[in-house]
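A quick write-up on the structure given underneath.
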Amino acid sequence: MERSVWKRLGIAPTDDARAIKKAYSARLKEIDPDSEPQAFIALRDARDAALAGFGSSGPAPAVEPVRPRTAGITRPEADRDVPASPGPKPEGPGRRPEPGPKPRSPWQIPSIEEHLARISAMLLDPGPDSVDADRLAKEGAALLRHPDMGLITRSEEVEAWLGQVILNAMPRSDVLLAPVIAHFGWVEKAKAWNCPWYVEAAVARARDCRYRDQVLRAHGPAMRALAEPPPPRTNALIAWAVAELLDEIRDDYPGLERDFDPATIAWWDEAIEAQRQRFAFRWLQRLAS
């Protein structure tokens, strides 16, 4: 049985746009858009229908079952009586075949849902460890400049989704950090005591990435030693450089340590400890002689 617009929003019929938006926000907190996409779309459609003017004359029409959206192809009008199709007409001499679906116009832009699906596929779906950073950056830029991002509710939904996806996909999502932080003003939001957890975490991650890029330029050999598989053997100079870098990361930028292979970190910890023991032994030998 179809539920009405107002039942989905959980309020009585009204023309008050503020009340409709408030009810939508309250019901949205009860839905996880990632795990319940159909319920999220149905709730959003109910909000749009209510804001479109269904209210003052009684209950709104029932919301039709949610169908997957296809950009560029309009939905059939559910309320119009459409006569039954007579079925395919037999082809004969001189009769043209029935036209197929029209191709998508090059002027039609992808929907926000399409951008989100592509970003999710690149970051979260199983596949190769490497991510095409240029393609991901272009997809993120296209999403942020989408016309629908001017709508407050849509912008807030995308902001929360991006924040959680970026943190779950680190370090592959690092290319999205700078544009997303700048677009939503997360640096200022992170200063508030009640900022969302993903805002504070994303700003801290961006700080770690800036430090990583600086270290890569100033201490390239030590950073490359941590990023590559352990060598068969090492020398004292490289070991001390890696030890100094690891101490700084662990003291000031602990989030960066998870960017490296744990087995490689463990190998270097053992190699550094062995170098320290050899140094201490030689020093004691010199003191004894």
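The values are calculated or read from the model by the stated rules, or taken from the named source; none is laboratory data. On a predicted model such as this, the values are computed, not experimentally measured, just so you know. Here the Cβ positions follow ideal geometry from the backbone for every residue, glycine too, while neighbour counts run over all protein chains shown.
Of the residues making up the stretch 164-174, those that are in a helix (DSSP H, G or I) and of a type in the set (S, T, N, Q) are Gln164, Asn168.
Of all the helices (runs of 4 or more DSSP H) wholly in the stretch 1-58, which have at least 3 residues that are among the polar types (S, T, N, Q) and at pLDDT 75 or above?
Numbers: elements: 5-9, 17-28, 37-51.
Where helices (runs of 4 or more DSSP H) fall fully within the stretch 1-58, none carries at least 3 residues being among the polar types (S, T, N, Q) and at pLDDT 75 or above.
Of all the listed residues (Asp259, Asp208), the sole one being assigned by TED's automatic domain parsing to the domain that holds Glu159 and within 24 Å of Leu123 (Cα to Cα) is Asp208.
Test Ile249 against the stated conditions and say whether it is free of Cβ contacts under 8 Å to residues at least 24 places away in the same chain, surrounded by 15 or more Cβ atoms within 10 Å (Cβ to Cβ) and assigned to a helix (DSSP H, G or I).
Numbers: free of Cβ contacts under 8 Å to residues at least 24 places away in the same chain: yes; surrounded by 15 or more Cβ atoms within 10 Å (Cβ to Cβ): yes; assigned to a helix (DSSP H, G or I): yes.
Answer is yes for this residue.
When you check Ala274 against the structure, is it free of Cβ contacts under 8 Å to residues at least 60 places away in the same chain, more than 26 Å from Val131 (Cα to Cα) and either part of a helix (DSSP H, G or I) or under 26 Å from the mean Cα position of the chain (by Cα) (or both), yes or no? Spelling it out, Ala274 is indeed free of Cβ contacts under 8 Å to residues at least 60 places away in the same chain, more than 26 Å from Val131 (Cα to Cα) and either part of a helix (DSSP H, G or I) or under 26 Å from the mean Cα position of the chain (by Cα) (or both).
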